[in-house]
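Here is the structure we will look at.
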């Protein structure tokens with residue numbers, strides 16, 4: 001199965017295109033890493049008690065939804 005995702009560079013470019021100033025670009029990366037950190041432990045616990053394929057499919061669904069929201073947004 002092939003998947004793709006937006007890199008952090010695309011996230012920063014999108015943030016700039018909707019009006020975020022360049023000096024706040026590191027804050028975008030910090031916010032992404034905080035979100036990853038907050039989601040990692042609960043996802044691991046859920047993976048221990050649930051089928052991993054279900055978790056993987058749910059993760060891909062969330063990723064696709066987040067990428068679509070990112071692509072379609074016009075403001076911060």
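Values in this text are rule-based calculations from the coordinates and carry no lab data. As the structure is a computational prediction, the values presented were derived from the model and not from experiment.
Here the relative contact order of the chain, from alpha carbon pairs under 8 Å that lie six or more residues apart, stands at 48 percent. Report the far tail of the P(r) of the chain, meaning the percent of Cα-Cα pairs longer than 21 Å. Result: 38 percent of Cα pairs exceed 21 Å.
For the chain, the longest principal axis of the alpha carbon atoms and the long axis of helix 25-49 meet at an angle near 10°. Calculated over segment 15-57, the projected area of the Cα convex hull averaged across directions stands at 3.9 nm².
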